[in-house]
Amino acid sequence: MPVQTAEPLIAATTAPTIVGFSSVEMKYPDGTIALSGVDLDIAPGEFVSVVGPSGCGKSTLLRLASGLEHASSGEVDVATDRIGYVFQDATLLPWRSVERNVELLAELHGVPSAERKAKAKAAIGLTDLTGFEKHLPKQLSGGMKMRTSLARALTLDPELFLFDEPFGALDEITRERLNDELIRLFAERRFAGLFITHSVSEAVYLSTRVVVMSGRPGGIVAEFEVPFPMPRDPEIRYSAEFAALTGEVHHALRKGYSA
Amino acid sequence: MTTTVWAPKTEVETKSIVKPAARRKSRVPSFVPPLIVATAVLAVWYLVSYVFLDQTRRFLLPPPHEIFTGAIFVPDILADIGLASLRTTIVALIGLLIAIVLGVAWAVAMSQARWLETSLFPYAVILQCIPILALVPLIGFWFGFEYPARVIVCVMIALFPMVSNTLFGIQSVDPGQRELFRLHGAARWTVLRKLEFPNALPAIFAGMRISAGLAVVGAIVGDFFFRRGEPGLGALISNYQAQIQSEELFAAIIAASLLGIVIFAAFGWLSRAVVGTWYESSDR
Ligand SMILES: Nc1ncnc2c1ncn2[C@@H]1O[C@H](COP(=O)(O)OP(=O)(O)O)[C@@H](O)[C@H]1O
Ligand SMILES: [Mg+2]
């Protein structure tokens with residue numbers, strides 16, 4: 001990464017980014033080109049949602065940011081190693097209680113037992129799981145599982161949070177509750193977020209910026225700043241401004257499909 | 001938390017654990033149908049003993065109650081059978097224990113490197129395909145005709161289910177969970193200890209149940225062939241048969257069956273005790 005020294009001045013004058021993609025192309029070993037020409041910078045304190053047709057490379061974007069995958073060309077720069085990654089599936093270990101699941105990541109990072117327990121307790125409190133510490137995953141509803149997954153990621157105090165359609169499998173009411181919960185966490189913790197969803201209203205409601213991607217090979221076709229103040233007022237969902245903005249995003253998405 | 005907007009959590013969010021719907025509520029208690037079958041079998045048995053076999057050939061199938069009066073209630077015979085069962089149990093359990101350790105180790109080794117799997121798995125399959133009975137005389141030839149040879153037969157018969165079940169259990173780890181561990185830099189040993197091994201436990205226990213039954217078979221078969229040393233159930237059965245002591249023969253067969261059932265049930269119980277709390281098995 002630090003090899004190039006020819007053109008640092010321009011980059012240095014822009015706002016700090018926590019994760020930056022520049023002309024990223026991702027070609028999987030089987031030849032599938034999942035992403036091409038992707039430029040995206042996310043600053044600390046930003047919460048960016050990505051919407052796009054399925055198969056357009058949204059998950060690939062997160063895999064690149066997390067280091068699970070490496071770009072075949074272009075650059076992905078991540079300025080932190082404290083990354084929380086929440087998958088669509090809660091990926092809880094079924095033999096561990098909620099509490100022990102929440103402790104897992106700190107355990108993998110070698111955090112001493114006492115500190116780990118304290119962090120888990122705090123994260124369980126933040127996600128409103130108190131009282132369910134001893135429950136096993138099979139005793140939990142989908143929403144509770146997802147909260148456990150969130151709590152687990154929170155124990156690492158992430159500076160960058162990656163979400164891959166985390167609430168996609170949940171019913172509408174649970175989903176809205178968790179959206180509000182996430183906004184509260186974001187307002188308190190001020191991590192940077194990169195959130196994948198296929199719900200336009202969820203994207204607009206949660207984020208400071210919405211990015212629209214087009215179909216294969218995936219690229220960014222539109223970006224929208226979301227002007228509503230954080231933390232969001234739940235009532236904003238029913239306002240005319242909100243409807244207008246989701247309309248615009250929908251429109252861009254539709255155009256991306258036909259492109 | 002002033003910004004919390006949603007209602008206080010209620011029980012609604014906890015999934016109530018619903019038992020899978022019973023096929024149909026039946027008014028007959030579940031023990032009744034097997035009892036009817038048992039009665040029918042006994043009736044046919046008596047019929048054959050008393051009607052189809054004449055006095056001189058009745059030893060081929062003595063009536064059920066004579067198995068009790070002529071063998072099970074006779075202290076000396078009962079002591080012989082009990083002692084032989086104990087020896088067979090010990091051989092089977094030692095063999096099983098070795099098979100469990102070897103089988104799990106073999107599977108773990110294969111799961112850790114692709115090249116180990118490709119070079120070792122064919123032998124697990126071959127082991128499964130060889131009729132072990134064909135090897136039994138050779139085992140006696142090499143290892144003598146006493147306890148060690150009997151144990152080796154048990155191990156060879158009981159090994160494969162342990163290998164294949166453990167391997168399956170390790171390989172069936174959810175890819176998402178694997179990625180989670182990779183993402184957080186877990187070492188291979190950590191992945192094995194905290195993810196693969198616990199994930200494989202239900203399959204390992206299922207393998208143990210199968211292997212336990214096979215180990216009993218192995219112990220009895222080994223006994224038939226390796227007569228030196230104290231007799232186990234196999235030797236006893238073979239002696240009773242040679243001397244046409246049919247009540248004793250039937251009693252020994254019942255003991256062997258009970259042994260199989262008890263060991264199978266014991267491992268079923270162990271499995272439920274260890275993984276039953278979290279594992280959502282389909283058979284219940
Ligand atoms: N490991 C992989 N190997 C080959 N192709 C892949 C792999 N992962 C994803 N793809 C392909 O890359 C494209 C983008 O996938 P993905 O990022 O999962 O899309 P999305 O999350 O937007 O639905 C798809 O066409 C998918 O089939
Ligand atoms: Mg995806």
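The values are calculated or read from the model by the stated rules, or taken from the named source; none is laboratory data. Just so it is clear, the structure is predicted and the values come from calculations on it, not from any experiment. Positions of Cβ are generated from backbone atoms using ideal geometry, with glycine treated the same way; all protein chains shown enter the neighbour counts. Side chains included, ligands, DNA and RNA excluded: accessible areas come from the protein's heavy atoms. Shrake-Rupley method; radii C 1.70, N 1.55, O 1.52, S 1.80 Å.
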What do the square roots of 5 times the Cα gyration tensor eigenvalues come to for region B:64-275, in whole Å, largest first, as semi-axes of the equivalent ellipsoid? 40, 19, 11
Cα-based equivalent ellipsoid of region A:88-157: semi-axis lengths in Å, sorted from largest, via gyration tensor: 18, 12, 11
What spacing in nm lies between the two simple spin-label points modelled at residue A:82 and residue A:133, each 7 Å away from Cα in the Cβ direction? 2.3
When a/c is below 1.5 the answer is rounded, else prolate if a/b is larger than b/c, else oblate, so apply that to the protein assembly as shown with a ≥ b ≥ c taken from the square roots of the Cα gyration tensor eigenvalues. prolate
Dipole of the protein assembly as shown, positive end: most advanced residue of B:251, A:38, A:219 [Cβ charges, Cα centre]: B:251
Take residue A:23 and residue A:244, extend 7 Å from each Cα along the Cα→Cβ direction, and tell me the distance between the two endpoints in nm. 3.8
Excluding ligands, DNA and RNA, the carbon-plus-sulfur percentage of the accessible area of region A:88-157 with a 1.4 Å probe reads 54
Accessible surface, per residue, of chain A when the full set of protein chains is kept, probe 1.4 Å, Å²: 43
For chain B, the longest site-free run once GluC sites (Glu not before Pro) in DSSP loop states with at most 15 other Cβ atoms within 10 Å are removed: B:1-145
Over the Cα atoms of region A:26-77, what is the Rg over Rh ratio if Rh follows Kirkwood? 0.95
For chain A, the Cα-Cα pair-distance distribution in 5 Å bins from 0, as whole percents, is 1, 6, 13, 16, 18, 16, 13, 9, 5, 2, 0, 0
Quick check on region B:79-145: what are the equivalent-ellipsoid semi-axes from the Cα gyration tensor, as sqrt(5λ), descending, whole Å? 31, 17, 9
Along the charge dipole of region B:26-96, pointing to its positive end and built from +1/-1 on Cβ of Lys, Arg, Asp and Glu, which listed residue (B:84, B:47, B:28) has its Cα farthest out? B:28
What dipole magnitude, in Debye to the nearest 20, does region B:64-275 give about its Cα centre under +1 on Lys/Arg Cβ and -1 on Asp/Glu Cβ? 960
What are the residues whose amide H is under 5 Å from the amide H of residue A:41, where those residues sit 5 or more places off or on another chain and H is modelled from the backbone? A:21
On the accessible surface of region B:64-275, probed at 1.4 Å with all protein chains in place, carbon and sulfur together account for a percent value of 72
³J(HN,Hα) computed for each position of region B:74-91 - Karplus, 6.51 cos²θ - 1.76 cosθ + 1.60, integer Hz, glycine/proline x: 8, x, 4, 5, 4, 5, 4, 5, x, 5, 4, 4, 4, 4, 4, 4, 4, 4
Within chain A, what's the longest stretch lacking trypsin sites (Lys or Arg not before Pro) that sit in DSSP loops with no more than 16 other Cβ atoms inside 10 Å? A:1-81
At least 20 Å² of accessible area lost relative to the chain alone, listed for region B:176-206 with a 1.4 Å probe: B:176, B:177, B:179, B:180, B:181, B:182, B:183, B:184, B:194, B:198
Over region B:31-116, consider all pairs of different Cα atoms and compute the Kirkwood hydrodynamic radius from their mean reciprocal separation; express it in Å, one decimal. 17.5
Accessible-area loss of at least 30 Å² in the complex relative to the chain alone (1.4 Å probe) applies, within region A:57-74, to A:63, A:68
Rounded to two decimals, the Rg over Rh value of region B:143-221 from Cα coordinates and the Kirkwood Rh reads 1.20
FRET efficiency (residue B:244, residue B:280; Cβ distance; R0 56 Å; to 0.05) is 0.60
What does the charge count around residue B:226 come to, taking other residues whose C-beta lies under 14 Å from its C-beta (Lys +1, Arg +1, Asp -1, Glu -1)? +1
What's the total accessible area buried between chains A and B, using a 1.4 Å probe, rounded to the nearest 100 Å²? 3300
